[in-house]
Every structure is written in C-alpha cells, then in structure tokens.
There are 2 protein chains.
Amino acid sequence: MKIIGKALFTTNGWDIIKNSYDVQQSITEGSNFMVGNGYLGYRGTFAEDRSEHYQGCIVTDTWDKADGKWEELTTVPNALFVQVKIQNQWLKQNDTVKSFQRVLNVINGMTKREVVYLLKDGLEIKITEEKFASYTHKHVIAMRYQVKTNKACDLKLISGIDSKVWSINGEHLKNHNYFNMNGDCGVHAEATQADHHIWVVEKNMFSVDTEKQSYDQDGIFGHLHEIKLSADESFVLNKFMLVMTSNDNNTPSSEIKKIYNTLPTYDKLLETHEKAWLKIWQTYDIKINGNIVDQVALRFNIYHAIIATPTHKSLPIGARGLSCQAYQGAAFWDQEIYNLPMYLYSNPSIAKNILLYRYKTLSGAKRKAKKHGYEGAFYSWISGKTGDELCPDFFFKDVITNRPIRNHFNVWQIHISPDIAYAVDQYYQLTKDTEFIESYGAEMVFEIARFIVSRVDFKPRRNRYEIVRVQGPDEYHENIDNNSYTNYMTKHAISIAIKYLDILDPLTIKTIKQKIDLAADEITLWLDVNEKLYLPQPNNHNVLEQFDDYFKLESIVPASKVTERLIDAEEYYGWPNGITVYTQCNKQADVVQLLSLFPKLFNDQTVMSNYRYYEPRTLHFSSLSPTTHAIVAARLGLIDEAYNKFRKAVMIDLLNTNEAVSGGTFIGGMHTANNGASWQMVVQGFMGLMHHEGKFHLNPQLPISWDSVSFELILYGHRYSFKTTKTQLYITKLSENDTDIEFVVQGETYCFQQEVTIHLR
Amino acid sequence: MKIIGKALFTTNGWDIIKNSYDVQQSITEGSNFMVGNGYLGYRGTFAEDRSEHYQGCIVTDTWDKADGKWEELTTVPNALFVQVKIQNQWLKQNDTVKSFQRVLNVINGMTKREVVYLLKDGLEIKITEEKFASYTHKHVIAMRYQVKTNKACDLKLISGIDSKVWSINGEHLKNHNYFNMNGDCGVHAEATQADHHIWVVEKNMFSVDTEKQSYDQDGIFGHLHEIKLSADESFVLNKFMLVMTSNDNNTPSSEIKKIYNTLPTYDKLLETHEKAWLKIWQTYDIKINGNIVDQVALRFNIYHAIIATPTHKSLPIGARGLSCQAYQGAAFWDQEIYNLPMYLYSNPSIAKNILLYRYKTLSGAKRKAKKHGYEGAFYSWISGKTGDELCPDFFFKDVITNRPIRNHFNVWQIHISPDIAYAVDQYYQLTKDTEFIESYGAEMVFEIARFIVSRVDFKPRRNRYEIVRVQGPDEYHENIDNNSYTNYMTKHAISIAIKYLDILDPLTIKTIKQKIDLAADEITLWLDVNEKLYLPQPNNHNVLEQFDDYFKLESIVPASKVTERLIDAEEYYGWPNGITVYTQCNKQADVVQLLSLFPKLFNDQTVMSNYRYYEPRTLHFSSLSPTTHAIVAARLGLIDEAYNKFRKAVMIDLLNTNEAVSGGTFIGGMHTANNGASWQMVVQGFMGLMHHEGKFHLNPQLPISWDSVSFELILYGHRYSFKTTKTQLYITKLSENDTDIEFVVQGETYCFQQEVTIHLR
C-alpha cells in the first residue's frame, strides 16, 4: 500500500483506502467517499449515519428556498438507512470498533466499508457495506449490506427511510406522506417553497428470512427485522434507494413504481454499472506512470468531476457538484472555465450539453440584465435551473459583529457573461460545430455582446470605453475598475460576436437578428466598443495591473503574512473591510487567470514577469487558484513549481486543506472546479497543449517523478491518443479520418497520417 | 436672567452666562466660550488651564502633519498662562470654589470668568479674568487678570508661556527656543514637518510691584512672582499674548517685536476692539423681538461664524472654525453652502475673499484632478492652504475591530466642485461683480466644467451621461450612482460655464481660453453634457430618488430606530458596513439640500412630498441637517416644524447635542457651518428671501413667539433694512442709489424709491 496522505492509502492507483475513522472528518469524508451519477450524489456516509454525520443524498433540479434567503438543492430522505441492534445496543462507529476500513473505488464508482465490532463475551460482528449510484439507472442507488458474526446470536435490524437528513438552510420538504410498496416503504413529500414533489422508495432484498414489523420512530419509517444467526453465518441485505421528482418527468409516481418493479438484481445492476464506468475511463483517464499517488489523486479528481456533471438533462454543474448543498448546487464561472475543458477535449457532446444549459437559461440571464438596467444576457453568478440569480445579496457575514455582509458577486462579477462567450467559442473552435453556433451559440454571444455594450462606460475625454465597478476573479477586491481580466475577456467576447456576424451564413444571421430584434445601430456600437475598449497594458516591469490603482495598494509578500491581522479565524478576508481589501493580497489567480486562458496574449517574458509578480501576492484561498498557477508555471517551464501547485491542487479534497466555513457560511464539500481542472494541469500544463490559430501546440515537460503520461483526446471530432515520456511523444490517430491536423511540438510542426513519434528536446 | 438651557442664561440677548463648572464639559465650553478674530482662536479655558482642559490657541495657516497622517492647524504655546499659589496650594477649579460665573459677551467678543475660592481660615480669594482676541491687532489676545483677597496674605503667581498644549494628532512644534523680551518671555519653535516657524511672546503689566524670579518647570517658561496683599486689596495683571508665524510675513521676529513695543494699553486696545465689533454687529445682526433666548442663541451662532472667518488673507473657513484642530482647520463644502450666504447678503467683500481663496487654491484642485486621472479642477474635500487634498484616505476607524476605515470623502464626494461653481454664480448674481467673474470666477467655473466632463460617463445605450460612484451630501451612503443632488448641481455648474461663455466679453473669454488652453472640442463636449446629463425625475409619488436604487434599500421610519442596531455607541454609521449603509437612513439633508439650494426647481407640492419623505428618514446627525430642513420647512409654511429645527440648530453647540467623537475620530468643536447657516434660517427661511430671475422674493412667516425680526442686507451693492412683524414688512433703502430692485412679497411685486410698508396676509 502506498500512502497518499494522513491515513489515506492506495494499492493500485484506482482506490482510496482509509483504515481509521474520525468523526471530526465527517464533512470531508462524506464528500470524498461519495458516489454519484450526475443525477444525484449520495454522500460517503454509513448505513446507520444520520444528519449529525452530514448524511445527505443531493438530487439535481430540486431547488427550494426554505428559509426565504438561500435557494439550494434538496437533500432527500435517506432510503438506505440500516442499523443493527445486537446485545441490546445499536451498532455505530464508537469504541467497540475493532477494525475499520473504508474504500472508494473510482474505477467503478463504488464506496465500501468493512467494520468489525468487538462486543461483550467475545462476540464479533462484521458489517460490510458497499454502495454505488447506478450509471445505467440514474434514479437508483444500490447498497449491499452484509452482516457476519463469530457466534450465534439474535439481532435486530432496522431498514427504512430516514427523513431527518442534513440540510444547510432550512427543511426543503414538507407534508411527508409514507406509503407501502410491496412490503417496502416509500415517502412522498412536497417542496417547502418550490412547487415540485419528490418520491423516495426503498427496496429490500434479504438473503435470509426475517421476522419483520413496522417501525416508525424519530423520523425513520421502515421495518424492524429480527434475525437469528449461527456462528460464522452471514446474511446479506441488498437494498436499493429510488428517487424521482416531479421535475424529472410528468408521471413520477408511476415512473418510480415502474423502476421498482423492473429493477435488476444487485449483481446485474452492478455489472452494467461497471461497464458504463469502463467506458467513462476510456474517455477521460490519464495514466501517469512513475507516481502512483499522483495517479490515484488525479483519478480521484476526475472521478468527482464526472459524477458532478449532469448528463441526463441540461442542468448546471454545481460548484460543489452533488456532494452537498453548499454554493446552492448551482453553476458559477467554474463550469465553463474549469470543468468544460476536460469535456471539450474528451467528450464534446457533454461540453455541448453544458453550453446548452447556458442557452436554456438565456432568458434568466436576460431577466437579470433587465433587472439591473442593462440589455442582453447578464448571466447569473450563481445559476440554477432558470438562470435567474440565486446568489443572495448577503452571502457572508461579519463574524465579529454577526452582521450580514453585502457581497456583490451577483452584480459586479460581470465577467461571467464574457466567460461563457469564451467557452462557446472554445467549443466552436475545437469541434467546428457550426450548427451549434447557428442554432444556439451565436444567439448567446450576441446577447452577451448586447449586455456588454449596455454595461460599459464611454469616457469622452479619454475617448475610450471603460468597465467600472466590477469584481474580478480575485474575489477579495470588489468595486474595482478596469480589471484586466474582465476587460480583456469582454473585448474577446465582443470580437467573437463580430466574428460570428462575419463568418456565419448571412441568412442564418438574418434569422437570428430577427429573432432577437438586433438593430444595425447596436452592431455599430459593438464595433465601436471593440475598437475603443480600454485594455490595460503591461507597465515598465512588464506587469499588467490587476485593476486601476492596484499597484497603489499595500504590497505584502508573501501574501500569507496578511493573516497575522486576523481577529477571528473565520473572518471573511474581502469586502468590505476584510484584511486584504486595501492590500495587493489576492484570493486567487486573476491576471494569471487571464494569461492561462490566453497563453499567446503576451510574450513569455511578460507572462513570466506577471507570474513572478502575482504568485507571491496570492493567498490561493480559492480552490481555483493552484490549478491555474500550475498550468501557467508549467507552460513557463517552471516544472518543479508547477508540480508543487499540482500536488496542492489534487490534494485539496483528499487532504482537506481548505476551510469548510468562511464568514459564517458553509462552503465545504467537493471542490468540483478544481476536480475538473486537475485534468487541465496535466494536459494543458505539463503536456503544454494549446489550440492556437488552427494548430495544436504541445510542449511536454514532465515532473521529475513521472515516467510517462498517456491519454486520449478528441480534436475536431477525431480521436487521438497521446503518450509522452521524458524523451519522446507518441501521437496516434485512433479514428479513421482524412483530417490533417497540424501539431506544433516544441515549435516544430508535424502533420501525419496515422501516428508519429517525436523526440523531445 | 432668562434660562437658555441647562445652567446657561442670558440677561440681555447678548451674553451667555454660566454659573457652574463641569470639567466633563471642557471640550464644549472651551469652544462655546472662546474668543477669536479670524486670525486665531483662543479657546474658552481659564488662565491656569493646561492640555488636560483642552487649552488651545489655534492659529490660521499653520498646517503641519506631525503624525504622518493628519495635517492640521497648530495649537501654539499658551502665553496667557497664569496661576496663583496661596496657602501653599495652586488655585484651580476644585472644591474650594465658593462661587463661579463665566460669561461670553458676543457684543464685543469678550469672555470672562469670576471665581471665588474659600480657603483655610476663612480666606477668600476672588479671581476675575477677561479676555478678547483683538479685532484691530489680530496677532494679539489681551487678558485682564484681577486678584482680590478678603484678608492680608502672601501669594505666588506664575505668569508665563505653557508649551504643553492640547494637540489632537501629534506635536506640531519642535526645537522650542525660549527668549527674553524686555523682561517678558517669548518662544520660537519650528513646525514638526512643515517649514514654518512660530513666535509667541507674552507681555505682562502688573498693577503692583512683584518680586519675580525665572520659572521653568513642566513646560511652563516664565516668572514666579511674589505678591503681598492687604485685606480687600486687589491687583491687576494685564497680560497680552502675541503670535506671529513665518507664513504671516517675511520678518516675523521683528514684526512681533514691533507689536510688542507699540502695543496700546489694555483699555485702549479694548476700546478699538469694541468699536470694531460695533461695526460688525451693524453688518450682521438680526434682531428678534419676543424671544430673548432665540435672540441670544442666534447671535451666539453669528458670533462664532464671524470669528471663524479669516479676513486677513485668503484662507479657508475651517469646519470647526478656529475652535480646535478637528476637521483639520480646513474648508469643506460647508464654506460655500453654509457660511458664504451670510456674507453674500451682508458683506460681499468677505464673500469675495472666500471665493478668492478658492481661486488661489485652483492649482491644488487641478493637481487633485490630475492625480485621480481627471482634468480641470477637482476641489479638495478638505482644503487647506494650497488646495491639495488634506482628507486622509482613512478618516474614521472601526471601533469594534480597531481597524481604520477607508472613507472616500476625498475621492467620491465630487459635488464640492459644482458647489463652488454654484457659489461663484451666487456671488455674481447678487453683486453683479462682472470684474470678479472675468478675473477669477469664469476661470474657476471653466476648470470645474472641465473636471465634470472628464468625470462623467456616457452610457451609449441610454444616450445619456451619468455620474457613477459618488457620495452625496448624506455621507452614510458611499459608492452611489446618480445622486440627485450631485447630478443637478453638476448640470447647474456646466450651465454656468456655458452662460459665462455667452455673456462675458468675447475678448475676455478669448484671454481666459488662451490662459487655460481651452479647446473648442472641450466646449462642444460641455454642450453635449449639458444636454444629455441624466437628471433623475420625481417618481409617481412626487419623490426624487436620492440615488439609483435608494428606494430599494430598507426603509426605517423614524430613522432613529436604526440606532437600536448599534453594537458600540461610538461606531461610525456609514461606509463600509455601518448600520445605515443598506437602509434609507440618511445622516443629513440630501435631496432636501438640493431643494434648499434651488427653491424653484420643483413646484411646492413636489417639494412638500420630498420633505415629507426624507425628513423622517434622516437622522440629522450632521450639524448641516437641521438648518437645511428648517429653511425648506419654513418656505413650505411648516412654521412650527421649521421653528423646531431652528431651535435644534441654534442650540447644537450651546447644548452640546452632537457627539465629539465618531468612529474613533475627534470631531468636537464649534459647528461653524451651522453657526453661519443659523443666519440663513431666519433670512432665507422665516423671511423667505430668495433671489430668482433678477427679483428678490420674500414671504415672512414668523414663529409664534417672535414679534418682529429686523436686519440689514446688501443687494446688488446697495444696503437695505428689513423689519417684519406678523402683519407688516418694512423695507428701507439705506444707501443712495437709483437702482430699482424689484421685491416680490407674497407674490406681489414691489418697486419703490425709499421705503415701503407691506401688509402681510
């Protein structure tokens, strides 16, 4: 076994093993060891765990605002609740545990526990529990629960539905109605504030006969089973949890019944599930030879990125995936900037689905723009089902005064709209999917351009447009002007709109113009803004100023020194009067983020100057920061530094390095963007992949402990495999095609029929 | 005696009498009972008082930044220090005091104390002390110090210079060099950081012979005198304090010596001083018959407005006058909006001097504009000698965390520049002093227009200019857009610039244009901004929104309820996270301020709606608020309400109603703007005087307890007297002139040769 970190191990680069249990780690481990399938996420808790252990099954498309302030996804009743009573005590993780092991197998999306309790009179009982969220039956989570004792004994077992589940901001279900389904239990409930309903049903399949009776205590509705075991006898309970909501289809109660009645056996379900995962890994896996810890950590992140991504319909990727309700189960810019690239290069149809989500929420973005006095599409900072803004005005609180803080993520972080335009065009460039642009992309980009020109200010005496009062990627500085990231992204977005006007079929353009009532004077203004939008330029030291007057702020290097000024460890660092506000200390990559998205915007020397200036001024307190820095560092050839950032990034969740609470707000759970961006660190960082002017550039530079890296990509619709060692790069065309893709490797251009081997300098 | 307020009395409407002493009131009483002459202010402390009693003599034009943060006027060594020792104890205000009375005589600018101490063995000693800051010898403060005992005794008396004086932010003098002048003492010292020097000299004239020896202890440098007194004998010490700085003239040390050598006797000096005050009161006095308390309170305020105003050269009127160092002895918008009007109507040459101060500081205003990336003249929020910004970035502090607060008075409160343009044009309209406009006013207004057009933003899709990120008169709301006050004032300022271009002699305009290098395209832009600047309009309820989205903020009525949310009584209420920030609670008049300055901007119904909306949402925590509300209420005929505000305003200092410390910053001292604006409440409020389109409108409506009000004004250069009773208004032309000024009284127009009696409705 190879040690990953404190009490974490792997054996084969696919499993995460933990041999000890710490109740303090419930939030983290429940996330790390979770299972999910893009429809729902089931936290890595144990069968007997309840709300105090942060038990939760988070289901997509169930937004509800129970407390009148926070709209978030619903944690539904837990139909996998099982608890054993023996020697008159309920078994749970406590000091009667003799041995314990839990495992997450990312290869097939399965989480397991094996625990042995040593009870009175030498009675040992072993519970083995395994769980997966089916990838073929997305409304189903399956659990195999096995009990074995070393001596004959009588035991009791409750199996049922626990409705007292963990929820962060209020109880999202009301009017629970329990029902019987073929001897199993089900519950129907209504959303507290929203208008949807949910159904949750259990299905129990015992390997032994049990004496059972109804059980209804303390929120658990089910059956109490009495079982007699001989010495060394075991029994198995295969238990299924079925979830359906009225948002999933029009006849949810009959649909769930249908699933109940046609459910395959546990083994059959597992078999198809494993086949699905095999295919998933064929698509996304990155093999690292030489460092099994990096290998498993990377796969762990890719696994979490995948299970966080809804594919059953166009829904957002939550900033914490489906690992908990934090960040409201909603999309941030994370989705396009951190999660999209892996799909863009590995599975464009999923990338398309993500962008279609943005298309489907265009009307919400337009409502938001209008609400704030703008035109076009002002995408929401926190975007749920409809695209309307979910981000509350008061997000954090001042933990010293207990007063809410008016953060302005929802109104000033306008770069979200240009970010989406950037993503649309990235998709277009990598897939050449003109139909998507004609049907959806151009309309989105045009509405974004509309938003932009209604948002910028013209400064008559400077003869330029400026972008005033924004918040850049670095969230600690609100209310800033001419944020370099925002201005460059905005200019890029406008130029995409102008490009689409130019390159798309005139008839199509005419149709879109008619559809969205786009007038000629609007386009004139786009051209003017495109020409006159202020783009900050590097100063005498080659450094781009993060925003107007940033350089006048107090410089603290390294940024971490600023933490000495904290009064309370949970203080929010940013707006309006946190310790970083009047300093150059950044939460995360900002100018470096810009350089990461536009690697050719400046020459290498300038990129280096900026990296060297900003990195020490960055606290990396956002999980979005290490990956971005790793990518830019790797491109600059700073491989050791890039590798350190990589290690930091892939371990954020595994080693629980980031705070679960900030400014009084729960922000725990999986760092889904970082999970997705882990893929980017290897492909776009160490492999140096970038798409520029119709060519794919590569510049492999592996960390010292890695012997080779290999993966597959889909470029312009065609599948290629890549493998690099320290000395050679192998590229193989996997699909039949006549496309002549040009690769530029370490500055040399390669064009080949089937495969190529390139000697690296 | 008529009681004014707690322990305060008057006998004749000219004196403020206090019969008790409370050391807790030292800050307030030192200000209220002060003397001054526009060159210096000497706080109303007693001869033996020292820094712990907030003793201070604040001298104009002595800005120094001792602590590296706050530039403020210097409190110079106290050359009026006298203390008596008898029965081996130093006399001071304590429990040996048998009787006490202090008086401020505003009729001649004199402050007095009479105190009797009852000591051991029935020994009584009476000290009588009177002081005035000479209006004929502005570098001189004179004190008559008289001692009388009921029994024979030996006493000791120190008379000297106390250099350990009160200073708020650091010690502003260093390298004190003491010297002898004809047996009296002097001190020369250098500014700590600035490059000026000061000289302070005492001159002692005893009525008896004394045995004297040098005294130099604990910062007091002077002489110890031994005096033998018989029973019921008294002696007098006439003592003079002479102050001169190197900013006053080029040969300060010989100048001060010259004054020393030619100083008249105390009685002669007093005689000329009293004559000067007689003339002052002929100019400014407002006689109120019927309410002696209102009479004395009003005169008290006018007195303080006068002694705060430098007339010896062009220097600012400090926001606390010369009563202390608070607000840095510097000009705010207070000067033009609250202090100027009394001079405009009563003594235009002083009004001109105030505006010349702004002209002389134009280069500072231009430097400030340039520093912030603008053009033209961005006048400083806190303006001292040079017009450069004195307002520190961090003005208040968060008293809960002890962290400094980044207030933005210095960068966002841009209305200061339009305010000055407004004042320039008010002067022009009331004096028709074209020469001033040609020589100074137009240039100032043009530079202000330049600033404005470099500051506004054009919103292309709204086809209008907006003014973004400002702070209006209500200082609790920073970072707001399209503040109605600011936008209307800005539009007015631009229109003044355009008017001057139109009405001034073309050759003069050409000269000014050349001087300030004003290009044609700039003027084109002025016209465009004048045409397209966004002016918020009253809503369906006739209410003008204070700024964009103000109506969306929490409405708390009455505003005072918001104080329940305080955690610490000294908390700053405003930016960034004070209790009012996300509410409609205002510190002071804002929209109402606009209506006060432009009484004809909207019809009476709209003015009423705005008054009724905003008044209950206003905390009136600025001393600038009650007067403005009183004026607008009086014009609306809400006489009882106006009178209540009047009483509140004229009593702010007398009754010490406002806090001396806010957000950890000392803001005590006289409320100089309110002192000046007290005059306005009567003339522009109850008398309803307004100048509109070449006519003077009057609409007298006296408070119930007033029988009559009378005063003199100078209109278009000609002196008029006004007297109104409840039924009649008398206007008399005092100076010979052929001008036919039209008065509009209660809607009827009057034009007369010598005098007119008008019956009021």
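Couple of notes before you dig in:
- If you go through the range A:700-715 and keep only what is out of contact with any Phe, Trp or Tyr (no Cβ under 9 Å at 6 or more places or on another chain) and either surrounded by 15 or more Cβ atoms within 10 Å (Cβ to Cβ) or assigned to a strand (DSSP E or B) (or both), you end up with just A:Ser708.
- Among the candidates A:Leu362, A:Leu356, A:Leu298, residue that is among the hydrophobic types (A, V, I, L, M, F, W, C), surrounded by fewer than 24 Cβ atoms within 10 Å (Cβ to Cβ), out of contact with any Pro (no Cβ under 6 Å at 6 or more places or on another chain) and under 27 Å from A:Ser735 (Cβ atoms): A:Leu356
- Annotation for the range B:550-560: no member residue is farther than 27 Å from B:Ala633 by Cβ, free of Cβ contacts under 8 Å to residues at least 60 places away in the same chain and in contact with a strand residue (DSSP E or B) (Cβ under 8 Å, 6 or more places away or on another chain).
- Counted residues, the range B:514-549 - those being in contact (Cβ under 8 Å) with a residue 12 or more places away in the chain, more than 14 Å from chain A (Cβ to nearest Cβ) and assigned to a helix (DSSP H, G or I): 2
- Of all the criteria given as (1) within 14 Å of chain A (Cβ to nearest Cβ); (2) part of a helix (DSSP H, G or I); (3) among the aromatic types (Phe, Trp, Tyr), the one not satisfied by B:Tyr476 is (2).
- Residue within the range B:172-188 that is farther than 14 Å from B:Asn78 by Cα and acidic (Asp, Glu) present: no
- Members of the range B:477-494 found to be surrounded by fewer than 24 Cβ atoms within 10 Å (Cβ to Cβ) and either among the hydroxyl-bearing types (Ser, Thr, Tyr) or out of contact with any helix residue (DSSP H, G or I) (no Cβ under 9 Å at 6 or more places or on another chain) (or both), listed by number: B:Asp481, B:Asn482, B:Tyr488
- Just so you know, in the range A:745-760 the residues that are in a loop (DSSP other than H, G, I, E, B) and farther than 11 Å from A:Gln728 by Cβ include one that is modelled with the lowest pLDDT, and it is A:Gln753.
- Residue in the range A:220-252 that is surrounded by the most Cβ atoms within 10 Å (Cβ to Cβ), counting only those that are among the small types (Gly, Ala, Ser) and at pLDDT below 95: A:Ser234
- Counting only helices (runs of 4 or more DSSP H) that fall entirely inside the range A:338-416 and contain at least 2 residues that are among the basic types (Lys, Arg) and within 26 Å of B:Asp549 (Cα to Cα), the qualifying elements are A:362-371.
- Just one of (1) hydrophobic (A, V, I, L, M, F, W, C); (2) in contact with a helix residue (DSSP H, G or I) (Cβ under 8 Å, 6 or more places away or on another chain); (3) part of a loop (DSSP other than H, G, I, E, B); (4) within 11 Å of chain B (Cβ to nearest Cβ) fails for A:Val468. It is (2).
- Residue among B:Tyr573, B:Tyr582 that is more than 12 Å from chain A (Cβ to nearest Cβ) and among the aromatic types (Phe, Trp, Tyr): B:Tyr573
- Flag if A:Ile416 is buried (at least 21 other Cβ atoms within 10 Å of the Cβ), within 14 Å of chain B (Cβ to nearest Cβ) and touching a residue at least 40 places away in the same chain (Cβ under 8 Å): no
- In the range B:592-626, the residue that is nearest to the other protein chains (Cβ to nearest Cβ) out of those that are within 23 Å of the chain's Cα centre (by Cα) and in a helix (DSSP H, G or I) is B:Leu594.
- B:Ile452 being within 14 Å of chain A (Cβ to nearest Cβ) and under 23 Å from A:His408 (Cα atoms): no
- With respect to the conditions (1) more than 11 Å from every other protein chain (Cβ to nearest Cβ); (2) of a type outside the set (S, T, N, Q); (3) under 23 Å from B:Glu571 (Cα atoms), B:Asp388 falls short on a single one, namely (3).
- Of the residues screened, A:Arg461 is one that is surrounded by fewer than 24 Cβ atoms within 10 Å (Cβ to Cβ) and facing chain B (nearest Cβ under 10 Å).
- Leading residue by the ranking (farthest from the chain's Cα centre (by Cα)) among those in the range B:128-177 that are over 30 Å from B:Trp281 (Cα atoms) and β-branched (Val, Ile, Thr): B:Thr149
- Qualifying residue in the range A:396-409 (condition: more than 14 Å from every other protein chain (Cβ to nearest Cβ) and either closer than 18 Å to A:Asn353 by Cα or of a type outside the set (A, V, I, L, M) (or both)): yes
- Just one of the listed residues (B:Asp568, B:Asp640) is within 14 Å of chain A (Cβ to nearest Cβ), acidic (Asp, Glu) and surrounded by fewer than 24 Cβ atoms within 10 Å (Cβ to Cβ), namely B:Asp568.
- Restricted to helices (runs of 4 or more DSSP H) entirely inside the range A:229-327, those with at least 2 residues that are within 22 Å of the chain's Cα centre (by Cα), under 23 Å from A:Leu624 (Cα atoms) and touching a residue at least 40 places away in the same chain (Cβ under 8 Å) are A:292-307.
- Contacts under 8 angstrom Cβ, first residue in the range B:706-732 being over 19 Å from B:Ser678 (Cα atoms), partner among the charged types (D, E, K, R) and not in a strand (DSSP E or B), 6 or more apart: B:Tyr716/B:Lys432; B:Gly717/B:Lys432; B:Thr725/B:Asp707; B:Lys726/B:Asp707
- Of residues in the range B:14-36 being polar (S, T, N, Q) and without any contact (Cβ under 8 Å) to a residue 60 or more places away in the chain, the one nearest to B:Met241 (Cα to Cα): B:Ser26
- Within the range B:382-398, the set of residues being modelled with pLDDT of 95 or more and surrounded by fewer than 20 Cβ atoms within 10 Å (Cβ to Cβ) comprises B:Thr386, B:Asp388.
- Single residue of the range B:482-513 satisfying the filter (farther than 26 Å from B:Pro599 by Cβ and not in a helix (DSSP H, G or I)) that is farthest from the other protein chains (Cβ to nearest Cβ): B:Asp505
- Any chance B:Ala559 is away from every other protein chain (no Cβ under 11 Å), closer than 27 Å to B:Phe395 by Cα and hydrophobic (A, V, I, L, M, F, W, C): yes
The values are calculated or read from the model by the stated rules, or taken from the named source; none is laboratory data. This one's a predicted model, so the numbers in the text were calculated from it and none came from an experiment. Backbone-built Cβ (ideal geometry, glycine too); neighbour counts: all protein chains shown.
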